[in-house]
Amino acid sequence: MDTVVARLRSALDDPDGLIVRDDADALDATRTDKSGWVATGRPAALVEARTVAHVQATLRTCNELGVGVVPRGAGTGLAGGANGTDGSVVLSVALMDRIVEVSAEDELAVVEPGVLNGALNAAVLPLGLRFAPDPASAAISSIGGNIATNAGGLRCVKYGVTREAVLGLDVVLADGRLVSTGHRTVKGVTGLDLTALMVGSEGTLGVIVGATVRLVPVPSGEPATLGAVFPDVRAAAAAAADVVHGPERPSTVELLDAAALAGIAAYLGPDVIAESVGAVPAGGAFLLVEFDGVGGAEAARGAEPVLQAAGGTVRRAADGDERERLLTIRRSFHPAMEARGQVLIEDVAVPRSRLADMFDRVAAIGHEHGVAIPTVAHAGDGNLHPNFVFDGDEVPQHVWDAADALFRAAIELGGTLTGEHGVGVLKRRWIGDELGDDMVTLQRGIRRVFDPNGILNPGKVF
């Protein structure tokens, strides 16, 4: 470890250890993320890069030494994908946080990877623009991390995931070479689409040091927001599919099951939910639907009878205060879970037509394993987040057994292990179940093309 630190400090011209850190507190802080998973052992060093040259020198040095490098941003991941493992060098780009350029005319921004999602949106809002991807962690997660995991969020149903918002990338390869992918133009088909390949690659192909991202106009007017209560989650899931298939695409369709509502009621107080959406029957579910842009109010009025026909009792927000109360119910899900103990936040996705079936499987798995599984879903795109609340620092085995059953159920229903959190460490053991041996072998081969010595995020993904 001393050799690694010394070589890095020499390569980065950092004799005082301001960039290359090896103090225990700094190293230990990199061993975990928002998933709660803590890597065993301790990294050899933490490099807090300020420039592209720092990233290049780090990768060149580690490639020569055969030392693994764990790229890391804000540390808000949920799959252990950026956690510092034993003997590795954690390469943090969190301090590379400049917004380099904003072009209102071309509707794009050029940013460094450490720029926070929310900070970019605050910067471009005065121009009437926004970065469409909106993960729940937007205030604390970085654009580089959003790209590395192909993050989603509430608005995906209308605006797509991060991949649709990335025009080009600057990437440092394992040997220290800097390459640029993609275009500043909306259209561009020269060569293979390596930009799309990099998005969602979780630091296994290179380290993102710059991104050219697409901006979209902020919709005019106030969003039109509906809150609907259903007798059960199957009815709510069916209603979600119906409203997405309507003539106007909603910008948000979020579903909370009975266990989720119970947790939120305990956190906010039952009167808050009752005052916002009315009485919720036992076993009932809540659906939040929002339309934005010109015609949003008319689209919401058209959606009301669709939701009612599916069994929903619908309330339309009359003003900004009522909208905020409806949104507060959804936003309070994760704080409500965290107030009850340690939380394992899972992430599977199924075709929208199988959403109700997946909720049935969640309930059955919870009953079989004797564990409550409060679940929220980005119902517009079939992405569910089953949550497990537990005591102690380690996820209990019966929770992992239930999660195993969830993953297999999602795959069986034509879905995927992860819609937006990534594979990281926590889902690595199941990736072959979804992709199959041939696809795993092919993807490992692609990884070796970019990283022949296997130094980039070793032990992650596959």
Study note, to complete from the structure: Surrounding charge for K158, neighbours by C-beta under 12 angstrom, Lys/Arg +1, Asp/Glu -1, total -4
Check your understanding: With labels modelled as points extended 7 Å from the Cα through the Cβ direction, what inter-label distance (nm, one decimal) is found for T441 paired with S10?
Key -> 4.2 nm
Check your understanding: When Rg is the radius of gyration of the Cα atoms in region 331-379 and Rh is its Kirkwood radius, what does Rg/Rh come to?
Key -> 0.98
Practice item. Starting at the first residue of region 352-358, write each ³J(HN,Hα) from the Karplus equation 6.51 cos²θ - 1.76 cosθ + 1.60 with θ = phi - 60°, in whole Hz, x for Gly and Pro. Key: 3, 5, 10, 4, 4, 4, 5
Point to revise | For D28, D438, order by how many other beta-carbon atoms lie within 10 Å, fewest first | key: D438, D28
Review point. HN-Hα J couplings of region 170-185 from phi, Karplus 6.51/-1.76/1.60, θ = phi - 60°, integer Hz, Gly and Pro as x?
Key: 9, 9, 9, 7, 4, 8, x, 6, 9, 10, 10, 10, x, 8, 8, 8
Practice item. Within 10 Å of each residue's Cβ, count the other Cβ atoms and sort M358, M439 from fewest upward. Key: M439, M358
Practice item. Report the convex hull volume per residue for the chain, counting only C-alpha atoms, in Å³. Key: 143 Å³
Study note, to complete from the structure: Along the dipole axis of the chain (charges at Cβ: +1 for Lys and Arg, -1 for Asp and Glu; origin at the Cα centre), the most positive-end residue among G144, A379, A45 is G144
Study note, to complete from the structure: By the Kirkwood definition, with r running over pairs of different Cα atoms, region 2-92 has a hydrodynamic radius in Å of 12.8 Å
**Study point:** Shape parameters for region 224-335, alpha-carbon atoms, Rg then Dmax in Å
**Key:** 12.8, 37
Exercise for review: Can you grab the distance from the C-alpha centre of region 85-144 to the C-alpha centre of region 385-462, Å, no decimals?
Suggested key: 26 Å
Study note, to complete from the structure: hull vol. (C-alpha, convex hull) per residue for region 397-462, Å³ -> 94 Å³
Exercise for review: Sort C156, C62 so the one with the fewest other Cβ atoms within 10 Å of its own Cβ comes first.
Suggested key: C156, C62
Exercise for review: In whole Hz, with x marking every Gly and Pro, tabulate ³J(HN,Hα) for region 289-300 from phi via Karplus 6.51 cos²θ - 1.76 cosθ + 1.60, θ = phi - 60°.
Suggested key: 10, 9, 10, 10, x, 4, x, x, 5, 5, 5, 5
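Every read-out reported here was derived from the displayed coordinates using simple, explicitly stated rules and does not represent laboratory data. Please read all numbers here as calculations on a predicted model, not as lab measurements. A quick note on method: Cβ atoms are made from the backbone with ideal geometry, for glycine too, and the neighbour counts reach across all protein chains shown.
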